[in-house]
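The values are calculated or read from the model by the stated rules, or taken from the named source; none is laboratory data. Please read all numbers here as calculations on a predicted model, not as lab measurements. Cβ atoms come from the backbone with ideal geometry, glycine included; neighbour counts cover every protein chain shown.
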């Protein structure tokens, strides 16, 4: 027969086991809402004393590897990075990378949404500034199709071409000076000629394609003393010019002593025009007056495709008249 203290010890152990079991169950059910809240994307907000759905911040910089500060607190992650479990609200985000200007902004985080900052471009403190020209430059323009830069020597009027890296400089032609500042420069479709114009003159220069090849024609200037040139376009044949003045739309051969042909009279002195080289179509705005005396604007389309408008025959016929 076992002593009484042995039975008492067993009873105490049962009570302890029962207490631990029920305590664990109570703790589990008490913490279950908290566990479920975190697992479903909720977080306790001490500002409102409520559980709120969290948001996510995705941040990417160029170049990568930048330090990220969130409300002036440095994060462990470096860009690109994803910051999880952010309560809804506005955060001060700052990005820093040694040798680059910092980037900062106030970013709004919304619940159950991803806020993307994936277009952050950091600029270096020391700019990669390089002087390209060796003489004074009057004007420059880019030829994106040929990946080249052209610039005009202001003293000798020599046109130079170089690569987009500023290297391999070569002279390609000479541009006689106009009476007034040129309003625009435009290559022909075959890239062999360049036109530039002012309100009263049009300059045409044939470009040197190789170092050992001289241009076939010397540059020349077409005078328009009575006109106010607004825009000039190349026809796709690289031989005809489409000219929009304050009073008319004209076409002319790109050669010395050429005579313009008027295709349309304009009532609007500031007519807006656009030329599509692919279809040889001129779009322009003009206005007309109604019988009641009111004026209203119209959009016109003038087709100059050689299949619908044989320019050579048109110019020859009009000149013979």
Subset of the range 96-111 that is outside any loop (DSSP other than H, G, I, E, B) and over 17 Å from residue 83 (Cα atoms) - its residue that is farthest from the chain's Cα centre (by Cα):
100
Residue count for the range 78-95, restricted to those that are in a strand (DSSP E or B) and closer than 20 Å to residue 113 by Cα:
11
Any residue that is assigned to a loop (DSSP other than H, G, I, E, B) and either surrounded by 15 or more Cβ atoms within 10 Å (Cβ to Cβ) or assigned by TED's automatic domain parsing to the domain that holds residue 239 (or both) - is there at least one of those in the range 153-167?
yes
Can you confirm whether the range 137-146 contains a residue that is under 29 Å from residue 60 (Cβ atoms) and touching a residue at least 12 places away in the same chain (Cβ under 8 Å)?
no
Is it true that residue 307 is closer than 25 Å to residue 223 by Cα, under 38 Å from the mean Cα position of the chain (by Cα), in a loop (DSSP other than H, G, I, E, B) and modelled with pLDDT under 80?
no
Any residue that is assigned to a loop (DSSP other than H, G, I, E, B) and out of contact with any strand residue (DSSP E or B) (no Cβ under 7 Å at 6 or more places or on another chain) - is there at least one of those in the range 225-232?
yes
Does the range 233-242 hold any residues that are in a loop (DSSP other than H, G, I, E, B) and in contact (Cβ under 8 Å) with a residue 60 or more places away in the chain, and which are they?
235, 237
Could you tell me whether residue 248 is on the phi > 0 side of the Ramachandran plot and touching a strand residue (DSSP E or B) at 6+ places or on another chain (Cβ under 8 Å)?
no
Filter pass, residue 254 being within 26 Å of residue 207 (Cβ to Cβ) and over 31 Å from the mean Cα position of the chain (by Cα)
yes
Could you look through the range 261-284, keep only residues that are buried (at least 16 other Cβ atoms within 10 Å of the Cβ) and more than 28 Å from the chain's Cα centre (by Cα), and pick out the one that is modelled with the lowest pLDDT?
268
Within the range 178-199, can you find the residues that are surrounded by fewer than 17 Cβ atoms within 10 Å (Cβ to Cβ) and not in a strand (DSSP E or B)?
179, 180, 181, 183, 189, 190, 191, 192, 199
Could you tell me how many of the residues in the range 100-114 are within 15 Å of residue 88 (Cα to Cα), surrounded by 11 or more Cβ atoms within 10 Å (Cβ to Cβ) and modelled with pLDDT of 90 or more?
2
Do the conditions hold for residue 95, that is, is it in contact with a strand residue (DSSP E or B) (Cβ under 8 Å, 6 or more places away or on another chain), modelled with pLDDT of 90 or more and crowded, with 16+ Cβ neighbours inside 10 Å?
yes
In the range 243-297, anything outside any strand (DSSP E or B), under 19 Å from residue 185 (Cα atoms) and in contact (Cβ under 8 Å) with a residue 60 or more places away in the chain is listed as 254, 277
